[in-house]
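Participant: Shown below is the structure under consideration.
The values are calculated or read from the model by the stated rules, or taken from the named source; none is laboratory data. This is a predicted model, so every value here is computed, not measured. In this analysis, Cβ positions are derived from the backbone assuming ideal geometry, glycine residues included, and neighbour counts consider all displayed protein chains.
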Amino acid sequence: MESDKYSRPQGAARFAQVVPAACAGLRLDQALAQLLPEHSRSRLKGWIEAGRVTVDGAVAPPRRRLAGGERIDVDPGEDAEPLADAPQAIDLAIVHEDAAVFVIDKPAGLVVHPGAGNRDGTLLNALLHRDPALARVARAGIVHRLDKDTSGLLVVARTPSAQTDLVRQLAARSVKRDYLALVRGDLVKPVTIDAAIGRHPVRRTSMAVVERGKEARTGVVPIERFGATTLVRCSLDTGRTHQIRVHLEAIGHPLVGDPDYGSRRATIGVPPFGRQALHARALAFVHPLTRRTRSFESPLPADFAALLDTVRQEAGRR
């Protein structure tokens, strides 16, 4: 585990400033977005609506126009309601930590966030046990997710400002995420899949390529071909739910072991696998405090490595 020399993370600090002339004529929420760019607009608006922002000592609505020269005071309080989810002592593979972020190597089988059918035993529960201060950060600092049966790297913010920064990087598509995947079939050359993704019109718990979906783009490069299967590298330009799984199914090369967008059954040259063969192997982002790019890599987990050994052996016998 790697650790940087940062102090213990703190919640958002109180803020007071006289409105500069450059903000004259702006609404209160617009001015705060300029004066406090480290926080998201939704967080700032929430503070205003909760009465935590005053203008010349009086609570003001988000759309109040400012003339310049007023005094703005912001008291973020706890910034977020404490999470109801209980901390749980679940082992985590933390590959990096400092005052702003954790980088986690998530094992297959670990759900990221509580939901229907998974009320506890999640990454969020483990994070709250590892750092109780995360109860004051929205979603315990989780900024992006991996599916339950996808293994590999994800970044978690430890402060509200770090979370806002990372969310903005994700929106700007500057966070680099590369995956290794074993797909069915022989993928001969690189392909960029540019196809919108939305809710499946029939299977409402699944996603699909649909005309009115959200923009989605995945780059796929073959690394090793076995005939019945291909080891590929996938890079995300967007981050839609189940994006890689949906896009690979759409081009006729579903993930080996995927129960929703492929098949777990064994066929000639394709051994059975108990989960989708997808691993988030590399992650890079600009650190919220140092502003330097940090890059991390994760080795293939044992089950995926064993799967590759099997397909290589079978391909060699043919």
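Participant: Of these, Val286, Val246, which one is surrounded by fewer than 19 Cβ atoms within 10 Å (Cβ to Cβ) and modelled with pLDDT of 95 or more?
Facilitator: Step by step, each of Val286, Val246 is checked, and only Val286 is surrounded by fewer than 19 Cβ atoms within 10 Å (Cβ to Cβ) and modelled with pLDDT of 95 or more.
Participant: Kindly establish whether Asp98 is modelled with pLDDT of 90 or more, over 20 Å from Arg136 (Cβ atoms) and of a type outside the set (Val, Ile, Thr).
Facilitator: no
Participant: Within the stretch 186-199, can you find the residues that are part of a loop (DSSP other than H, G, I, E, B) and surrounded by fewer than 17 Cβ atoms within 10 Å (Cβ to Cβ)? Talk me through it step by step, then tell me what you get.
Facilitator: Going residue by residue through the stretch 186-199, those that are part of a loop (DSSP other than H, G, I, E, B) are 186-190, 195-196.
Asp186, Val188, Lys189, Pro190, Ala196, listed by residue number.
Participant: Which of the residues that make up the stretch 36-45 are buried (at least 18 other Cβ atoms within 10 Å of the Cβ) and under 23 Å from the mean Cα position of the chain (by Cα)? Please lay out each step first, then the result.
Facilitator: At the first step, the residues of the stretch 36-45 found to be buried (at least 18 other Cβ atoms within 10 Å of the Cβ) are 36, 39-40, 43-44.
Those that are buried (at least 18 other Cβ atoms within 10 Å of the Cβ) and under 23 Å from the mean Cα position of the chain (by Cα): His39, Ser40, Arg43, Leu44.
Participant: Can you work out which of the residues in the stretch 292-318 that are under 24 Å from the mean Cα position of the chain (by Cα) and among the small types (Gly, Ala, Ser) is nearest to Arg233 (Cα to Cα)?
Facilitator: Taking the candidates together, the pick is Ser298.
Participant: Could you look through the stretch 145-181, keep only residues that are under 12 Å from the mean Cα position of the chain (by Cα) and part of a loop (DSSP other than H, G, I, E, B), and pick out the one that is farthest from Arg41 (Cα to Cα)?
Facilitator: Asp147
Participant: Being closer than 15 Å to Arg245 by Cβ, under 23 Å from the mean Cα position of the chain (by Cα) and modelled with pLDDT under 95 is the filter here, so list the residues in the stretch 197-207 that pass it.
Facilitator: Gly198, Arg199, His200, Thr205, Ser206, Met207
Participant: If a residue must be small (Gly, Ala, Ser) and touching a His at 6+ places or on another chain (Cβ under 9 Å), how many such residues does the stretch 83-108 contain?
Facilitator: Of the residues in the stretch 83-108, 4 are small (Gly, Ala, Ser) and touching a His at 6+ places or on another chain (Cβ under 9 Å).
Participant: Could you grab me the full set of residues in the stretch 104-141 that are surrounded by 22 or more Cβ atoms within 10 Å (Cβ to Cβ) and among the β-branched types (Val, Ile, Thr)?
Facilitator: Correct list: Ile104, Val112, Thr122, Val137.
Participant: Taking the stretch 208-229 as the search range and keeping residues that are of a type in the set (Gly, Ala, Ser) and part of a strand (DSSP E or B), which one is nearest to the chain's Cα centre (by Cα)? Spell out how you get there, then give the answer.
Facilitator: Of the stretch 208-229, the ones of a type in the set (Gly, Ala, Ser) are 208, 213, 216, 219, 227-228.
Restricting the remaining residues to those that are part of a strand (DSSP E or B) gives 208, 219.
Values: Ala208: 20, Gly219: 18 Å.
Checked the stretch 208-229; the qualifying residue nearest to the chain's Cα centre (by Cα) is Gly219.
Participant: Of the conditions (1) out of contact with any strand residue (DSSP E or B) (no Cβ under 7 Å at 6 or more places or on another chain); (2) under 16 Å from Leu182 (Cα atoms); (3) outside any loop (DSSP other than H, G, I, E, B), Gly252 clears all except one; give me its number.
Facilitator: For Gly252, the exception is condition (3).
Participant: Could you pull out the residue among Leu300, Leu278 that is surrounded by fewer than 22 Cβ atoms within 10 Å (Cβ to Cβ) and not acidic (Asp, Glu)?
Facilitator: The conditions single out Leu300.
Participant: Identify, from the list Arg233, Arg312, the residue that is surrounded by fewer than 16 Cβ atoms within 10 Å (Cβ to Cβ) and in the same structural domain as Val191 (by TED's automatic domain parsing).
Facilitator: Answer to the selection: Arg312.
Participant: Right, something else. Among the numbered criteria (1) surrounded by fewer than 20 Cβ atoms within 10 Å (Cβ to Cβ); (2) touching a residue at least 60 places away in the same chain (Cβ under 8 Å); (3) in a loop (DSSP other than H, G, I, E, B), which one does Pro76 miss?
Facilitator: Exception for Pro76: condition (1).
Participant: In addition: Would you call Leu255 touching a helix residue (DSSP H, G or I) at 6+ places or on another chain (Cβ under 9 Å), within 23 Å of Val188 (Cα to Cα) and either assigned by TED's automatic domain parsing to the domain that holds Leu146 or surrounded by 18 or more Cβ atoms within 10 Å (Cβ to Cβ) (or both)?
Facilitator: yes
Participant: Exactly one of these conditions fails for Asp165: (1) buried (at least 23 other Cβ atoms within 10 Å of the Cβ); (2) in contact with a Pro (Cβ under 7 Å, 6 or more places away or on another chain); (3) at pLDDT 95 or above; (4) not polar (S, T, N, Q). Give me its number.
Facilitator: (3)
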